[in-house]
Amino acid sequence: MISKIYKILPQFFKDLSVEIHRDIRLLWFIFFKPKSTKKCKNDSFIEFQKSRIYGPLKHICYAPYTSMFFARNGKVSPCYASYNNESSSISESTISEIWFNGSFKKIRKEHTNCELKTSCEFCSKLILNNSFGSLLINKYEHYAFSKSRYPAIMEFELSNKCNLSCIMCDSNLSSSIASDSCNQSSGNEYYDDKFINELKDFIPHLQLAEFTGGDPFMIEEYYQIWEMIAKINPKCNILITTNANTMNPRIERLLETHHNIHFNVSIDSLEKENYENIRRNGNYEFALKNINIFIEYSRKHKTSLNILVCPMTINRHELGNLVDFANKKEICVYFHTVVKPEELSLKNLEKTQLKNTIIDLESKKLPQENVKQKTNYKNYHNMIKLFKNWAKEEEGLEKNENKEYSVAEGKFLIIERVEKEGPQFKVKFFTLLDKLQFEPNIKTIYNRLLRTDSLTFFEHLENKTLEELEEICKNFKPEED
């Protein structure tokens, strides 16, 4: 009832009701200190709770309670950043078994105990860096008040079939990178007719079905699911993430049949040469033409279209222009966090260049005259905040270059760094360190370890004699050098 009333309210009253709700929850959080606060004692987690759009909430993340992500490798998880070797597989379990038990049950338990490192390291790092605006958690906040036992969202990444081979992509997400032709295979290895049939029990409960790839318009299985949604739950919103380089009569019929399709369009440059260099095999003019078709559709049916941008070393000079483009088209722009490939990531940009990039980005004056412009302004400055955190990390590494750690300090800091590699690696690593404990140069060893990637250093030390280890520690140059 409340959600129905909220939907028909003017935007001003919607914003006001959210603010009032947030303030009430914030006061409750501050004065009554709920159980979740006691388990999440870290200051960053507490600040994150205070920063949430609806105020502090019961769960750290609502993805495990409202969302299912189907990865191309058959793994099923709450979101695209949380699947791993421990995730349930669609080839071994039904959708129902995975949702009500399986790895989802384990993740929910970990989150209850404020443990994110095992399955949710992506968001865990951002929280600890106070980069709350870049959290994937934010995507699921709107479903925090869902009362259904079934997922409200399903995200499908069933195939890598794609006509582009983007420079920041890989074979897992692009059949064109995996082979010479995107038509050589369907790209789908795990999701058969049995899976499609199992969806019938879940689709009636869905509020949103998301489709990625590859490119969704090239994936045959998606057309079957779209047809099923039209028959079973026509009110379900559909979100398609596309590179906008495909258009044909079948897509045109889809747009005529469904009136609730939303679009995320990937575009990283407004310069033809740079666009086609980034989106290899793409056609800049054709993509813009299709983007305009999707914008007209979204206006006609009162849905949405967002552009998704990968901020990289080769398009950093265009990031402000892409916001201008979004504002002109009256759409929203969102920025991905790009860490791979390393040579394209701003995280690995030379220190002075990164600082200059931040200065240039901050000099951009953006309007905030309506909701979409305010959203774009916020997303743009959240991106800058992330870059600033990366710059601080680099400065921290530089400062540590000249610091000498005691054996006790070194061991404590190394424990923290090795934790993220998992229990098996940790056991191996400290078995090696135990062998080194009687070395006269143990302090040097610890300091060398702290100046490079732990995994890289371990590979250098494994299966070496103590004499060889001492020599390596004297001559080994850290990655940051």
| message | Residues that are free of Cβ contacts under 8 Å to residues at least 60 places away in the same chain, at least 3 per element: which strands (runs of 3 or more DSSP E) completely within the stretch 147-247 meet that? | response | 208-211, 237-242
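So that you can scan it fast, the table gives a plain yes or no per residue for (1) among the hydroxyl-bearing types (Ser, Thr, Tyr); (2) at pLDDT below 90; (3) in contact with a Pro (Cβ under 9 Å, 6 or more places away or on another chain); (4) on the phi < 0 side of the Ramachandran plot:
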residue: 38; (1), (2), (3), (4): no, yes, no, yes
residue: 42; (1), (2), (3), (4): no, yes, no, yes
residue: 53; (1), (2), (3), (4): no, yes, no, yes
residue: 60; (1), (2), (3), (4): no, yes, no, yes
residue: 64; (1), (2), (3), (4): no, no, yes, yes
residue: 93; (1), (2), (3), (4): yes, no, no, yes
residue: 102; (1), (2), (3), (4): no, yes, no, no
| field | Residues of the stretch 101-117 satisfying the condition of being under 29 Å from residue 201 (Cβ atoms) and either open to solvent by 60 Å² or more (accessible area, probe 1.4 Å) or in contact with a helix residue (DSSP H, G or I) (Cβ under 7 Å, 6 or more places away or on another chain) (or both) | value | 101, 104, 105, 106, 107, 108, 109, 111, 112
| message | Can you confirm whether residue 269 is under 23 Å from residue 372 (Cβ atoms) and in contact with a strand residue (DSSP E or B) (Cβ under 6 Å, 6 or more places away or on another chain)? | response | no
| said: Among the residues in the stretch 368-375, are any open to solvent by 20 Å² or more (accessible area, probe 1.4 Å) and within 24 Å of residue 122 (Cα to Cα)? | reply: yes
| said: Looking at residue 164 and the list (1) modelled with pLDDT of 90 or more; (2) closer than 29 Å to residue 108 by Cβ, which single condition is not satisfied? | reply: (2)
| remark: Restricting the stretch 254-302 to residues that are over 19 Å from residue 323 (Cβ atoms) and acidic (Asp, Glu), the one least open to solvent (accessible area, probe 1.4 Å) turns out to be 276
| Residues of the stretch 192-224 that turn out to be open to solvent by 10 Å² or more (accessible area, probe 1.4 Å), in contact with a strand residue (DSSP E or B) (Cβ under 7 Å, 6 or more places away or on another chain) and among the hydroxyl-bearing types (Ser, Thr, Tyr), as a count | 1
| field | Of the criteria (1) assigned to a helix (DSSP H, G or I); (2) without any contact (Cβ under 8 Å) to a residue 24 or more places away in the chain; (3) farther than 18 Å from residue 241 by Cα, which one residue 354 fails | value | (2)
| remark: With criteria (1) crowded, with 17+ Cβ neighbours inside 10 Å; (2) modelled with pLDDT of 90 or more; (3) not in a loop (DSSP other than H, G, I, E, B), residue 123 comes up short on (2)
| query | Of the residues that sit in the stretch 82-99 and are touching a residue at least 24 places away in the same chain (Cβ under 8 Å) and surrounded by fewer than 16 Cβ atoms within 10 Å (Cβ to Cβ), which one is nearest to residue 339 (Cα to Cα)? | reply | 84
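The values are calculated or read from the model by the stated rules, or taken from the named source; none is laboratory data. Just so we're clear, the structure is a prediction, and the values are computed from it rather than from any experiment. Every residue, glycine as well, gets a Cβ built from its backbone with ideal geometry; the counts of neighbours run over all protein chains shown. For accessibility, only protein heavy atoms count, side chains too; no ligands or nucleic acids. Shrake-Rupley method; radii C 1.70, N 1.55, O 1.52, S 1.80 Å.
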